[in-house]
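This report refers to the structure that appears directly beneath it.
The values are calculated or read from the model by the stated rules, or taken from the named source; none is laboratory data. Since the model is a prediction, treat every value here as computed from it, not as a measurement. Neighbour counts run over all protein chains shown; Cβ positions are idealised from the backbone, glycine included. In case anyone asks, the SASA skips ligands and DNA or RNA and just uses the protein heavy atoms, side chains included. Shrake-Rupley method; radii C 1.70, N 1.55, O 1.52, S 1.80 Å.
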Amino acid sequence: MYHKKHLALALASAIAATASMVSFSAVADDYPERDIRLVIPYGAGGPTDIIFRQIAREAEKELGVSIVPVNMTGAGATLGSRNVKDSDPDGYTILGGHDNIALSYIAGMVDYSYDAFSPVARVTQTFNMPTTYPGHPVQDASEIPQYIEDHPGEVKFSMIPTSTDHFFWMQMFDAMDIDLDDVKLISYPDTTEQMSALMAEEIDFTITNAACCSSFYADGTFRPLGVAHSERLSGEALKDIPTFNEMGIQMESATSRGIFAPQGTPQERIDILADAFEKALENEELREKLITELGSEPNFLAGEEYQEFLTANQEALEKVAENISF
């Protein structure tokens, strides 16, 4: 009798364990069951919006549900990131963000950074370019230090405070041994205002990238002075732009865009999302558009590699921030 009872208990335990495993597997396999909300903390039509929408359109084919982009602007792009941070960690609300997550924290605008999220994957990197207007005497980035030396205290660089372009100038000035006292940093509220100021020749230099401005390079509205990368970009309007590496400037700068989920999102759901975005970036038509039209390299990273990248990225930005007064 004892052995029969013991066998019955063991069998019941085994059945319960199997049922539990089946239930867990079913939960994992059922995700996603409804549309996923992709919060983009920037306005519609900008480079970040365009890039995430293009990639999401392919990723949703892998997921079998729609990825619905939601533009949520305001508070220096922190309104959208905070909304995602505070959302239920169920994999149905994700953020399309970039370096600004760390920049906002470093600038003291918010009390959270990358570590407030469960990183899903890096999808692209868009390399930055110092840019001027067609009639400006500076022909490429290597000539900027001499131009400043010839016009101390007069040369105007535009930037959005605490943004990627603000940090770009600090990094470039350091790489070129340019003294901050010899330049003027002119603050603007957004990229559109900066581009308008450059067109009007109110400033000498601004930061652009191919994602926003390849058509302006092609028609001669703007003159890019070099790309902060080790390799030249592809595309007719981009391939002739020299790299910083070619000019002997030891610096790289890119806007690294990625997908983030609320902290605590189940790892199996993070993995499903990452896999979908990775497969999306394997689409040749999408890759071609990202590279040649949007000047953005599909550089996928996930898991520990992406986490290590984010840690290094924040450390590098914090080093640059030592020269910035917020």
| said: I'd like the per residue volume of the convex hull spanned by the Cα atoms of the stretch 32-86, given in cubic angstrom. | reply: 68 Å³
| query | Among 189, 262, 47, which one shows the biggest mean-square fluctuation in a GNM of the chain, springs joining Cα atoms closer than 10 Å? | reply | 189
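I'd like the FRET efficiency for residue 65 and residue 288, computed as 1/(1 + (r/R0)^6) with the beta carbon distance as r and R0 of 35 Å, rounded to 0.05.
Computed FRET efficiency for residue 65 and residue 288: 0.85.
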| request: Find how many whole Å separate the alpha carbon centroid of the stretch 151-188 from the alpha carbon centroid of the stretch 213-271. | output: 20 Å
| said: Test of the criteria: in the stretch 185-226, which GluC sites (Glu not before Pro) are in a DSSP loop and have at most 14 other Cβ atoms within 10 angstrom of their Cβ? | reply: 201, 202
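Please sort by residue number the trypsin sites (Lys or Arg not before Pro) in the stretch 144-251 whose DSSP state is loop and whose Cβ has at most 12 other Cβ atoms within 10 Å.
Filter output for the stretch 144-251: 239.
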| Which value in deg cm²/dmol, rounded to the nearest 500, describes the helix-derived mean residue ellipticity at 222 nm for the chain, given -39,500 (n - 2.57) per DSSP H run of n ≥ 4 and division by the residue count? | -13000 deg cm²/dmol
| field | Cα-only radius of gyration and Dmax that characterise the stretch 184-248, units Å | value | 12.5, 33
| Candidates per GluC sites (Glu not before Pro) in the stretch 129-163, loop by DSSP, up to 11 other Cβ within 10 Å | none
| Expressed as a whole percentage, what fraction of the accessible surface of the chain belongs to carbon and sulfur atoms when a 1.4 Å probe is rolled over the protein heavy atoms? | 48 percent
| task | Could you give the spread of the C-alpha atoms of the stretch 238-326 along their three principal axes, from largest to smallest, in whole angstroms? | result | 45, 38, 21
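I'm a student and want to see the number: the projected area of the Cα convex hull of the stretch 133-267, averaged over all directions, in nm².
The orientation-averaged projected area of the Cα hull of the stretch 133-267 comes to 10.0 nm².
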| Contour minus end-to-end for residue 184 and residue 232, with contour as 0.36 nm per residue of separation and end-to-end as the Cα-Cα distance? | 14.3 nm
| said: Translational diffusion coefficient of the chain at 4 °C, 1.567 mPa s, Stokes-Einstein with Kirkwood Rh over Cα pairs, in µm²/s as a whole number. | reply: 60 µm²/s
| When N is the residue count of the stretch 36-165, what does its C-alpha Rg come to as a fraction of 2.2 N^0.38 Å? | 1.33
| said: Can you give the local net charge around residue 239? Use residues other than it whose beta-carbon is closer than 12 angstrom to its beta-carbon, Lys and Arg +1, Asp and Glu -1. | reply: -2
| Let a ≥ b ≥ c be the square roots of the eigenvalues of the Cα gyration tensor of the stretch 59-135; is it rounded (a/c under 1.5), or, if not, prolate (a/b larger than b/c) or oblate? | oblate
| Count, lysine Cα pairs under 23 Å in the chain, 8 or more residues apart or across chains | 6
| field | Under Karplus coefficients 6.51, -1.76 and 1.60, residue-wise ³J(HN,Hα) of the stretch 131-144 in Hz, glycine/proline x | value | 9, 9, 8, x, x, 5, x, 6, 9, 8, 4, 5, 8, 4
| field | Accessible area (Å², per residue) of the stretch 58-172, counting only protein heavy atoms and a probe of 1.4 Å | value | 35 Å²
| Taking square-rooted eigenvalues a ≥ b ≥ c of the alpha carbon gyration tensor, is the stretch 210-266 rounded, prolate or oblate, where a/c under 1.5 means rounded and, failing that, a/b exceeding b/c means prolate? | oblate
| query | Antiparallel DSSP bridges in the stretch 120-261: what percent, to the nearest 5? | reply | 60 percent
